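**Q** Dumping the structure here so I can ask a few things about it.
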Amino acid sequence: MDKEKKNLSKKILIVLGILTVGIGSGFYIGKEKGRVLPATSRNYSDNKIIATVGDVKIKEKELKNRMEPIFYMNGKTKMTDEQIDYYEQNMIDYITTTEMLYQEGVKNKIKVDKKDIESQYKSLMTTISQSFGLDEESYLKKFKLTKDEIKKTIEKETIATKEIEKESNIRDKDVEKYYNENKDKFNEVKASHILIKNTDENDKKLDEAKLKENKKIAEDVLKKALEGVSFEELAKKYSEDTSAQSGGDLGFFGKGQMVSEFENVAFKLNKGEISPKLVETKYGYHIIKKTDERMKSLEDVKESLKEQLMLEKQNTFIEKLTKKYKVDVKNKL
């Protein structure tokens, strides 16, 4: 969990209405589980400062409005402190990112039509009413919110969305340029292998005697493969991998999809060639045969590559804004 918290993505996917819809949906699900209060809760202060973005102070009340639905959605399942901390970090990340995007958008004179905000507000209230039968007045009273607060949230998130979209726009020619300059990344090979494991059923390393025995078996199988015995039949007979049933076939894969020791050998072989040496990885001893090779076309990767480039551009922009607005998140709530 600590690793997950440290690696929280800065990929910003703004969802309009996350504050208001989230609270309503969470409360409704909690009630469906036959309870009024969730098993998990945490006390929050309305005025305590949890972060600053430029001159703007983020108060704990904003975090509370986002955490309560999570508690309700978990119903009777008790969340650990570690789980709550993780969700809180995500929410604070979302709040601060939205705030700095909003501030940047305002500086860039991005505006939102008041009619659009009103339309989104009405749509939100309709969704709330349909989801759990609370009219606007009851909803605002139950969650101690005001119409102006919700509309301001909608405005902020809309401006933040427009700002990040403006800064992370990727054109078709950008995708084509990246593809042409990085064609090696789109090369794929097809390979088969025979695996003799160097671990037991609990994934623990075998003792030295068993390792020597298994390596000898792998060397004998490799010798047979190099002498022309059917690779497919050898895989079915000796391989300890799930691919044994298909004669060791692993299908096509690109760089970064296999462990490096395996990948480095597979990509260097010629089509139809068997590696003359065993390849040892954390899984065991591999006998590798390259069976095919292909280059993914631009059309094959266009959409996924466009998304990748967009996210990279977003992350770079978010990092830049984080420094610009001197975002400061308090260590302890």
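The values are calculated or read from the model by the stated rules, or taken from the named source; none is laboratory data. Every value quoted in this text rests on a predicted model; they were computed, and no experiment measured them. Cβ placement follows ideal geometry from the backbone for every residue including glycine, while neighbour counts extend to all protein chains displayed. The area values use the complete protein model at the heavy-atom level, side chains included, leaving out ligands, DNA and RNA. Shrake-Rupley method; radii C 1.70, N 1.55, O 1.52, S 1.80 Å.
**Q** Could the peptides 274-281, 324-331, 261-268, 96-103 be put in order, highest first, of the mean number of other beta-carbon atoms found within 10 Å of their residues?
**A** Result, highest mean Cβ count within 10 Å first: 96-103, 261-268, 274-281, 324-331.
**Q** Give the accessible surface of the chain per residue, rounded to a whole number of Å², with probe radius 1.4 Å and ligands, DNA and RNA excluded.
**A** Here the per-residue accessible area is 59 Å².
**Q** When only Cα pairs under 8 Å and 6 or more residues apart are kept, what is the percent relative contact order across the chain?
**A** 21 percent
**Q** A further question on this structure: Between residue 49 and residue 242, with labels modelled 7 Å along Cα→Cβ, what's the label distance in nm to one decimal, could you check?
**A** My value for the distance between the label points is 5.2 nm.
**Q** Along each principal axis of its Cα atoms, how long is region 132-219 end to end? Whole angstroms, biggest number first, please.
**A** Per principal axis, max minus min of the Cα coordinates gives 76, 44, 22 Å.
**Q** Which order do the peptides 295-305, 159-169, 186-196 come out in when sorted by mean C-beta neighbours inside 10 angstrom, highest first?
**A** Per-residue Cβ counts within 10 Å, averaged per peptide and sorted highest first, yield 186-196, 159-169, 295-305.
**Q** Given the options 304, 52, 274, identify the residue whose Cα lies farthest towards the positive end of the charge dipole of the chain (+1 on Cβ of Lys, Arg; -1 on Cβ of Asp, Glu).
**A** The listed residue farthest towards the positive side: 52.
**Q** Hey, could you grab the Kirkwood Rh for region 169-232? Inverse mean 1/r over distinct alpha carbon pairs, Å, one decimal.
**A** Taking the inverse mean of 1/r over all distinct Cα pairs, region 169-232 comes out at 16.0 Å.
**Q** Related question: Compute the acute angle (0 to 90°) between the alpha-carbon long axis of helix 208-226 and the principal axis of greatest extent of the alpha-carbon atoms of the chain; round to the nearest 10°.
**A** Between helix and principal axis, roughly 70 degrees.
**Q** Further, regarding this structure: Contour minus end-to-end for residue 282 and residue 295, with contour as 0.36 nm per residue of separation and end-to-end as the Cα-Cα distance?
**A** Working it through step by step, the gained length comes to 1.8 nm.
**Q** Quick one: among 85, 116, 200, which has the greatest mean-square fluctuation in a GNM of the chain with alpha-carbon springs under 10 angstrom?
**A** With Cα springs under 10 Å in the chain, the top fluctuation among 85, 116, 200 is at 200.
**Q** If you don't mind, there's one more thing I want to ask. Can you tell me how much longer the chain between residue 148 and residue 271 gets when fully stretched, taken as 0.36 nm per residue apart minus their C-alpha distance, in nm with one decimal?
**A** Stretched fully, the residue 148-residue 271 segment lengthens by 37.6 nm.
**Q** What distance in nm lies between label points placed 7 Å from Cα along the C-beta direction at residue 107 and residue 42?
**A** 3.1 nm
**Q** Largest first and to the nearest Å, give the Cα extent of region 227-275 along each principal axis.
**A** Over region 227-275, Cα extents along the principal axes are 29, 24, 16 Å.
**Q** By how many degrees, 0 to 90 and rounded to 10, does the Cα axis of helix 298-324 deviate from the longest principal axis of the chain?
**A** 50 degrees
**Q** While we're here: Of the options 153, 238, 248, report the single residue whose Cα projects farthest towards the positive end of the charge dipole of the chain (beta-carbon charges: Lys, Arg +1; Asp, Glu -1).
**A** Farthest towards the positive end: 153.
**Q** Next question. Nothing charged except the Cβ atoms of Lys and Arg (+1) and of Asp and Glu (-1): what's the magnitude of the dipole of the chain about its Cα centre? Round to the nearest 20 debye.
**A** With Lys and Arg at +1 and Asp and Glu at -1, about 980 debye.
**Q** Scaled to the compact-protein estimate 2.2 N^0.38 Å, what is the alpha-carbon radius of gyration of region 211-333, rounded to two decimal places?
**A** Working it through for region 211-333, the quotient is 1.61.
**Q** Please report, in whole Å, how far the alpha carbons of region 150-282 spread along each principal axis, starting with the longest.
**A** Rounded to whole Å, the extents work out to 70, 37, 24 Å.
**Q** Still on this model: In whole percent, how big is the carbon plus sulfur part of the accessible area of the chain, probe 1.4 Å, protein atoms only?
**A** Answer for the chain is 47 percent, counting heavy atoms of protein chains only.
**Q** Please compute the Kirkwood hydrodynamic radius over the chain, one decimal place, Å, based on all pairs of different Cα atoms.
**A** So the Kirkwood estimate lands at 24.6 Å.
**Q** What angle, in degrees between 0 and 90 and rounded to the nearest 10, separates the Cα long axis of helix 114-132 from the longest principal axis of the Cα atoms of the chain?
**A** 70 degrees
**Q** Using the Cα centre of region 67-149 as the reference point, and only Cβ charges (+1 on K/R, -1 on D/E), how large is the resulting charge dipole? Debye, rounded to the nearest 20.
**A** Approximately 340 debye in magnitude.
**Q** Using packing as a proxy for protection, rank 106-115, 50-59 so that the peptide with the highest average count of other Cβ atoms within 10 Å comes first.
**A** Per-residue mean Cβ counts within 10 Å order the peptides as 50-59, 106-115.
**Q** Roughly how many whole Å is it from the C-alpha centroid of region 105-132 to that of region 269-304?
**A** If you average the Cα positions of each part, the centres end up 51 Å apart.
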